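Right, one structure below, let's go through it.
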Amino acid sequence: MKLLSPLCTYFIEMAKRVCMILFFLLNTFNPAFATNYYVNSIAGNDASKGRSEATAWKSISKVNSKQFEAGDTIYFKRGCVWRETLSVPSSGDQFKNIVFSNYGKGPKPKILASSEVKSWIKQGDNKWKSLGSIPLDPYNGYFKAEIFFIFPDDSVAWGKHKLTSGDLTEDLDWTWTSNAVYIYSKNDPNLQYSGVEVPQRQQCINLKNKSHIHINGLNLFYSRGSGVSYDWSQDMMNLYGLIIENSQIAYCGSKYLFCGYGTEMAYSDMTIRNDTIHDCGRRGMSLDIYGSGFTIKNVLIENCVFYSGFHTTGIDLSVGSGSYNAGYDGVVIRRNLFFDDPATKSSSNQVFLQNYDYAGGGATVNNIYIYSNIFKYPSFSSVMVEGIQSCYIYNNTFYNHNITKSGSVTHIWIDAHNTSIKIKNNIFYSNLENDHNGNGIALMSLTPSSDVDADYNLYYRVNKSLNIINYKMTFNSAQLNAVRKLLKWELNSPDTSDPLFKNPKRNDFTLKVGSPAIGAGIKLPGTTYDYSGNNFSSKPSLGAFEFIPKTGN
């Protein structure tokens with residue numbers, strides 16, 4: 001047999017390598033290798049192939065049983081409802097996610113972690129029993145949830161759990177006994193409610209520790225535990241690649257026991273955007289890490305709406321609890337709207353950042369950027385930080401406070417043990433004329449003043465004799481010079497005055513001509529554009545909106 005020359009062997013090997021590279025590139029970038037799947041709870045069939053609208057699957061359990069490839073998309077039919085948990089069966093890769101999205105026309109598809117009661121049998125004394133079996137008591141076990149009453153106009157009310165049927169004395173009271181729900185209702189609930197949702201499953205979506213997942217345009221309601229969650233059966237892992245966008249997540253857990261999360265997970269390279277998250281019993285978004293030995297990086301939360309919270313309305317980020325020591329380095333929270341009912345009796349933070357392990361150093365929280373957000377009516381604080389290594393709170397608009405509280409309700413609460421907190425280019429506004437023993441403060445700090453850099457901020461309070469800043473001593477609107485002298489804060493800030501918002505009652509916090517906030521800021525690293533998407537100028541305005549001159553300003 002004639003041997004090939006070394007030169008021929010070299011060219012053959014090179015050709016093999018080129019073929020392998022071409023195959024890899026085609027596999028990576030050619031969408032023909034990806035497969036689309038369709039799910040239709042009304043007209044689907046799990047015995048079908050699922051690869052077209054005409055051959056759509058029916059159930060989420062079918063999706064859970066399938067292994068998908070990177071780049072595959074699973075489409076859920078708009079207008080359909082599933083009462084199952086989506087347990088993500090496969091990971092994508094660094095080049096292509098596995099996508100869960102929607103198709104068709106109509107309302108976004110719903111994944112509900114509940115069973116529905118639509119018919120009731122009268123028991124006497126305004127007490128009613130559900131028709132049909134409800135096998136699981138929503139209030140039993142570690143994860144406890146209320147039931148939810150749906151009215152004909154699609155508004156939703158939280159139920160209030162009672163121990164026994166004998167304790168049912170008011171509308172919305174409920175209890176569970178022997179596979180049935182009992183409620184109190186003065187009027188016939190068959191006519192008063194279009195349905196009652198009874199949480200039965202812990203999650204709407206269980207990520208099952210899968211990476212490179214994209215969730216787009218799904219509505220997730222009525223869970224016992226959370227709308228989207230990591231796998232609770234084990235500690236969190238070092239995972240990469242998660243997008244949740246264009247979705248609504250709501251009505252989780254029990255607001256009376258502070259149970260339930262809209263989302264609960266921690267991924268590097270994670271983006272949460274264009275979502276609405278509300279009415280979650282404990283946290284709208286839980287970024288708490290229950291794991292060790294890794295640092296979460298590159299997290300972006302933008303263009304979301306968070307409201308009606310009961311412990312943390314919006315984002316709760318915590319590390320270092322118990323034996324866990326994972327940390328964060330690089331989180332951007334921008335262009336979001338956070339608000340609560342101005343008269344709520346609950347006390348909730350809107351953004352809460354915490355490092356339990358601030359002294360041990362095993363867990364750190366670095367480079368948290370909070371900018372171009374609107375915070376309205378906090379019932380405890382808009383932003384609270386504790387034990388954080390570096391946090392930048394820039395160009396936000398903080399508007400008003402809860403009107404009922406008798407304790408300290410603040411826009412920014414700098415708790416103890418922080419290392420470097422920078423607060424610049426913000427507007428703090430309150431029209432409270434009575435502070436109820438501290439309610440209505442713009443900035444409170446328990447961290448040494450030398451570790452807080454507060455400057456280029458505009459403060460305004462209708463009653464100028466009431467407190468706006470508290471650090472071991474309180475300062476009102478007329479005492480900004482004392483703040484400058486004693487704390488070395490606000491050296492370049494304008495004197496306290498009305499920022500002249502256009503129409504705050506309609507959430508229009510753009511600035512009128514003549515506003516003292518126009519051009520009063522400093523160009524800051526890490527900030528790109530304002531709440532509306534306008535670029536900040538070289539000498540930016542204060543607050544979440546850059547001033548853009550227009551006719552009528």
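The values are calculated or read from the model by the stated rules, or taken from the named source; none is laboratory data. Since this is a predicted model, take the numbers as computed values, not measurements. In this analysis, Cβ positions are derived from the backbone assuming ideal geometry, glycine residues included, and neighbour counts consider all displayed protein chains.
Looking across the stretch 344-372 at every residue that is among the hydrophobic types (A, V, I, L, M, F, W, C) and at pLDDT below 95, the one that is farthest from Thr447 (Cα to Cα) is identified as Ala363. With respect to being part of a loop (DSSP other than H, G, I, E, B) and crowded, with 20+ Cβ neighbours inside 10 Å, Asn492 falls outside the description. Cβ separations smaller than 8 Å between residues 6+ apart or across chains give the following pairs from the stretch 136-152 residues that are free of Cβ contacts under 8 Å to residues at least 60 places away in the same chain to residues that are assigned to a loop (DSSP other than H, G, I, E, B) and of a type in the set (Phe, Trp, Tyr): Phe149/Tyr193; Ile150/Tyr193; Phe151/Tyr193; Pro152/Tyr193. Only one entry in Ser268, Ser254, Ser292 is assigned by TED's automatic domain parsing to the domain that holds Val385 and either among the polar types (S, T, N, Q) or surrounded by fewer than 23 Cβ atoms within 10 Å (Cβ to Cβ) (or both), namely Ser292.
Residue by residue, here is whether (1) within 28 Å of Ile388 (Cα to Cα); (2) not assigned by TED's automatic domain parsing to the domain that holds Thr397 holds:
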residue	(1), (2)
Asp451	yes, no
Val462	no, no
Ile469	yes, no
Asn481	no, no
Lys488	yes, no
Thr496	no, no
Leu542	yes, yes
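Looking across Asp72, Asp46, one residue alone is crowded, with 20+ Cβ neighbours inside 10 Å, of a type in the set (Asp, Glu) and over 24 Å from the mean Cα position of the chain (by Cα). It is Asp72. If you go through the stretch 495-521 and keep only what is among the charged types (D, E, K, R), within 33 Å of the chain's Cα centre (by Cα) and in a loop (DSSP other than H, G, I, E, B), you end up with Asp498, Lys512.
Yes/no per residue for (1) surrounded by 22 or more Cβ atoms within 10 Å (Cβ to Cβ); (2) in contact with a Cys (Cβ under 7 Å, 6 or more places away or on another chain):
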residue	(1), (2)
Lys297	no, no
Cys304	yes, no
Phe310	yes, no
Gly314	yes, no
Ser321	no, no
Tyr328	yes, no
Asn336	yes, yes
Lys345	no, no
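Of the residues making up the stretch 243-278, just one is more than 16 Å from Glu302 (Cβ to Cβ), of a type in the set (Ser, Thr, Tyr) and outside any strand (DSSP E or B), namely Tyr256. You will find that of Ser408, Ser449, the residue that is touching a helix residue (DSSP H, G or I) at 6+ places or on another chain (Cβ under 8 Å) and either surrounded by fewer than 23 Cβ atoms within 10 Å (Cβ to Cβ) or modelled with pLDDT under 95 (or both) is Ser449 and no other. Checking each residue in the stretch 384-438 for being in a strand (DSSP E or B), over 21 Å from the mean Cα position of the chain (by Cα) and within 16 Å of Tyr371 (Cβ to Cβ) picks out Ile421, Lys422, Ile423, Lys424, Ile427, Phe428. The number of residues in the stretch 291-314 that are of a type in the set (Ser, Thr, Tyr), closer than 26 Å to Gly362 by Cβ, out of contact with any Gly (no Cβ under 6 Å at 6 or more places or on another chain) and assigned to a strand (DSSP E or B) comes to 1.
Each row is one residue, and each column tells you yes or no for (1) of a type in the set (Gly, Ala, Ser); (2) touching a Gly at 6+ places or on another chain (Cβ under 9 Å).
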| site | (1), (2) |
| --- | --- |
| Lys376 | no, no |
| Val383 | no, no |
| Thr404 | no, no |
| Asn418 | no, yes |
| Met444 | no, yes |
| Ser465 | yes, no |
| Met473 | no, no |
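Yes/no per residue for (1) assigned to a strand (DSSP E or B); (2) assigned by TED's automatic domain parsing to the domain that holds His161; (3) in contact with a Pro (Cβ under 7 Å, 6 or more places away or on another chain); (4) among the hydrophobic types (A, V, I, L, M, F, W, C):
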{"site": "Ser90", "(1), (2), (3), (4)": "no, no, no, no"}
{"site": "Pro107", "(1), (2), (3), (4)": "no, no, no, no"}
{"site": "Lys129", "(1), (2), (3), (4)": "yes, yes, no, no"}
{"site": "Asn140", "(1), (2), (3), (4)": "no, yes, no, no"}
